[in-house]
Structure formats: structure tokens, C-alpha cells
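To start, the structure under review is shown below, and the notes come after it.
The values are calculated or read from the model by the stated rules, or taken from the named source; none is laboratory data. Source: prediction; values computed, not measured. Glycine gets a Cβ as well: all are built from the backbone with ideal geometry, and neighbour counts include every protein chain shown.
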Amino acid sequence: MSAPLEDVVVVEIDSWMAAPSAAAILADMGATVIKVEPLSGDPMRGLSRPVKNPDLSDELRAYDYQFDVDNRGKRSIAVALDQPEGADLVRKLVAGSNVFLCNLLSARQEKFGLDPQTLFEINPSLVHATLTGYGTTGPDAWRPGYDVTAFFGRSGLYDAQREGDEGVVPMARPAQGDHTTGLALVGAILAALRLAEKSGEGQIVETSLYETAVWTQASDYAVTAMDHAPVRRRARKELLAITANRFPCGDGKWVVFNMLPDAAYWPRMCQALEVEELIDDERFVDSSSRYRNMAELIDIMDAALAKRSRDEWGEIFDKAGLIWGPVMGLHEVPQDPHAIELGMFPDIDHPENGKYRTVNIPMRFNGADVKPRGPSPAIGEHTNNILEGLGLSGDEITRLRNNEIIG
């Protein structure tokens with residue numbers, strides 16, 4: 001069973017989560033990924049919260065899981081990029097690679113001699129891939145961007161998700177925008193590899209947190225781009241259909257429904273919730289009346305759902321053929337039997353710390369070897385081995401280390 005990208009070599013210079021997550025996906029697909037880090041390492045290292053499970057060993061409780069998920073299966077070389085010899089080492093690596101992936105702004109690419117034009121001179125069929133906050137052109141191309149600022153804030157996503165006009169701006173969980181943008185970059189890289197293979201010519205691909213966030217809201221923007229009108233933010237008691245809403249259950253856990261058109265599901269929903277008397281109630285007899293009396297109807301439905309737990313209601317909803325989903329806690333999902341069956345949380349066997357669970361990429365292949373290929377590397381763990389592969393002698397490697405060019 002072969003891996004789709006087993007003959008592809010990727011050199012990445014990046015940090016934090018977005019671009020590293022794209023390279024992690026390529027590594028899971030079999031690519032050899034060389035992560036170039038500063039001598040101090042990627043600043044994302046060491047920021048993972050400690051694991052609270054007392055049944056785990058001290059090593060596994062202290063392991064850097066958040067860094068690991070975006071850097072597993074890679075090789076690390078520590079290089080002082082701001083030193084001419086360091087940048088030259090990176091260019092030598094790129095000369096033998098298929099993909100150069102970075103999150104450097106254009107000015108820094110040019111400063112270090114890692115811009116497309118320079119790298120194409122040494123590797124004419126290279127795929128040069130860049131992930132930034134706001135793109136490489138335009139008045140804000142210089143601006144550093146993280147997912148909370150460029151993806152959620154600038155794109156309008158935070159504003160659109162407020163609860164009504166007075167709602168507090170929500171906060172996203174870590175790296176939601178980063179990982180979504182990483183997926184976009186992977187798609188671009190795979191297409192560019194195909195183009196480079198067909199034409200023999202280098203390819204430039206890029207994406208940004210800002211652009212990807214706008215695409216995730218394309219259904220809204222398809223209209224907003226034409227009328228420039230603010231999005232209507234509806235509170236729970238202002239939504240258009242009772243059958244497309246969310247409700248708390250008796251145990252404090254929530255469920256969400258998405259059943260449209262509401263007229264087709266209204267009787268079935270009432271029967272499942274044991275409030276059949278509402279079906280012909282003149283206050284709720286049709287879609288318009290239900291919308292006009294939504295606040296009152298929500299209160300009635302909340303009271304009905306308070307009689308059972310989320311999981312008890314789930315069995316009833318399934319038997320009734322309702323379209324619903326549990327609002328699960330993050331801590332519940334790794335134990336979800338469906339997630340386990342899909343292989344969403346596979347194991348990695350660390351040579352020193354033992355076996356631990358990680359998060360799988362959201363794509364499966366039939367008959368191909370796609371999986372996490374080992375833990376993330378230590379800072380510069382493979383520096384000597386990689387430089388020996390470039391033909392450097394032991395004495396030359398020692399000199400570079402003593403001069404703080406490598407680490």
C-alpha cells in the first residue's frame with residue numbers, strides 16, 4: 001500500500017499553526033517534510049496546556065500536543081536564517097525539493113533570497129506556496145495576521161455570529177481558521193504539483209486567512225456582495241423557523257434542529273416532543289403565525305425539552321425521523337463511537353513517551369497509506385542528518401554549529 005506523496009519533498013519555513021498544518025497533511029500523505037526552524041524553535045512550541053488525566057505518565061501529561069498535531073511526521077533542521085550561510089543552506093535544501101512552503105511576507109522572502117524568482121533559478125519546477133494573513137498584494141499585504149484577527153475578525157465572521165444586534169462578539173477556539181486555511185493551501189499545492197509535472201515549469205500558489213474566511217461565508221457573500229446590506233443577526237427567539245433552532249434539554253445539554261421547510265416537519269416535531277396540541281393551535285397553525293409568535297413558542301418548546309436528557313431525546317428524535325444533532329462538548333467527541341469508527345483519533349507511538357492519541361486529517365483514502373507517521377521532531381533533531389545528505393562534512397557541520405549558523 002503506497003502513500004500518495006511518497007516521492008514528494010517539502011521544505012517549510014513557518015510557525016504557529018496555519019502553514020504548519022498544511023505541511024502536516026502533506027506528511028500524513030507520505031511527503032518528506034523538512035521543517036526549517038530558528039535556533040530557538042517555532043514559537044508555538046511549549047504552549048500546549050498540560051493534560052489533566054492522572055492515569056497518564058508524567059511524560060504524556062507534559063507532552064506538547066498542540067504543537068505535535070501540526071508538526072507530526074516531519075524532520076527538523078535549526079538554521080539561523082538571518083545569517084547568509086543559513087539562508088544559503090535553505091536554498092540548497094530547496095534545490096532538491098518539490099515544494100517550498102512558507103508563511104513569510106513577501107519582503108522577508110526577498111530579504112532571505114526565498115522569493116519565487118530566486119528559487120526558480122535553482123529549481124525551475126518548484127511549487128512555491130505561501131500562506132499569509134491578508135495575501136501578498138494589496139494595501140494590507142504587510143500586516144501580520146492570525147486567525148482571530150484576519151480569519152474571524154476582518155472577514156465579518158465574528159460579527160455575523162453575534163446573538164442579535166447587541167450580542168457580544170464571540171471567540172473562536174484555537175486554530176479553527178488556521179486549519180481551515182491549511183486545507184485550502186493543501187488543495188492549491190496538490191493542483192500545482194500536477195501543473196508542474198505536466199509543464200516542467202515552476203508554480204506559485206498562495207492563500208490567506210482572510211480570503212479563506214470569506215470563502216467559508218460564500219453563501220452570505222453571494223448576496224452581500226451585490227446589495228452591501230448588513231447581515232441580519234437573529235437572536236434565538238427571532239429565527240424564521242422553529243424547526244431550525246437549538247434547544248436546551250433537561251440535563252443542561254443542547255440539541256440543534258435543521259428541518260426545512262418547517263411545514264413538512266412541524267407535526268412530526270410536535271408529536272416527538274409530546275405537544276401534539278400545538279399542531280392545530282391557532283397561534284402556530286402555519287409558518288407565518290409560528291414566526292409571529294416565535295418567542296412564546298420557544299418558551300413552550302424549552303419546557304417540553306426540559307423533561308428529558310439530551311441522549312434520551314436523541315433516541316426519540318431518531319425514531320421520529322427528525323433531522324437533529326447533539327451539541328457535544330469538546331471532551332465528549334473523542335469518546336463518540338462514530339468518531340472512533342471513522343478513525344478520527346488515531347494513535348501515535350512515541351519512541352520515548354509511549355502511545356498517545358492525535359487528530360486525523362478530514363479525508364480518507366481507500367487502499368492508500370495515509371496516516372500520521374510519527375511524533376513531531378525536537379528542535380533541530382535532524383540537522384546533522386539533513387546536512388550530511390547535502391554533502392557537508394562533519395567538520396563543516398561542527399563549524400556551522402560553533403558559529404551559531406545551525407542548532
How many residues are crowded, with 18+ Cβ neighbours inside 10 Å and of a type in the set (Phe, Trp, Tyr) when one looks only at the range 121-150? 1
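So, in the range 374-397, how many residues would count as being more than 18 Å from residue 92 (Cα to Cα), of a type outside the set (Gly, Ala, Ser) and surrounded by fewer than 18 Cβ atoms within 10 Å (Cβ to Cβ)? Before the answer, list the steps.
Step one: of the range 374-397, the residues more than 18 Å from residue 92 (Cα to Cα) are 374-379, 381, 395.
Now drop any that are not of a type outside the set (Gly, Ala, Ser), which leaves 375, 377, 379, 381, 395.
Pick out the ones that are also surrounded by fewer than 18 Cβ atoms within 10 Å (Cβ to Cβ) and you get 379, 381, 395.
The number of residues fulfilling the criteria is 3.
Which of the residues spanning the range 284-339 are of a type in the set (Asp, Glu) and in a loop (DSSP other than H, G, I, E, B)? Outline the logic, then answer.
Filtering the range 284-339 for residues of a type in the set (Asp, Glu) gives 286, 296, 299, 302, 311-312, 315, 318, 332, 336.
Across the range 284-339, the qualifying residues are 286, 332, 336.
Test of understanding: among 107, 129, which residue is small (Gly, Ala, Ser) and part of a helix (DSSP H, G or I)? Reasoning before the result, please.
Details: 129 fails: part of a helix (DSSP H, G or I).
Sole residue among the options that is small (Gly, Ala, Ser) and part of a helix (DSSP H, G or I): 107.
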Based on what the data block shows, is residue 346 touching a residue at least 12 places away in the same chain (Cβ under 8 Å), surrounded by 15 or more Cβ atoms within 10 Å (Cβ to Cβ) and in the same structural domain as residue 31 (by TED's automatic domain parsing)? no
So, first residue in the same structural domain as residue 129 (by TED's automatic domain parsing) and closer than 30 Å to residue 370 by Cβ in the range 73-97, second residue of a type in the set (Ser, Thr, Tyr) and surrounded by fewer than 21 Cβ atoms within 10 Å (Cβ to Cβ), Cβ within less than 9 Å, six or more apart or across chains; the pairs are 74/32; 75/32; 78/40; 97/32
Condition check: among the aliphatic types (A, V, I, L, M), closer than 17 Å to residue 161 by Cα, assigned to a strand (DSSP E or B) and under 31 Å from the mean Cα position of the chain (by Cα). Does residue 256 satisfy that? yes
If I ask for residues that are surrounded by 12 or more Cβ atoms within 10 Å (Cβ to Cβ), free of Cβ contacts under 8 Å to residues at least 12 places away in the same chain and among the polar types (S, T, N, Q), which ones from the range 271-293 would you list? 289, 293
Quick check: anything in the range 72-84 modelled with pLDDT of 95 or more, part of a helix (DSSP H, G or I) and crowded, with 21+ Cβ neighbours inside 10 Å? no
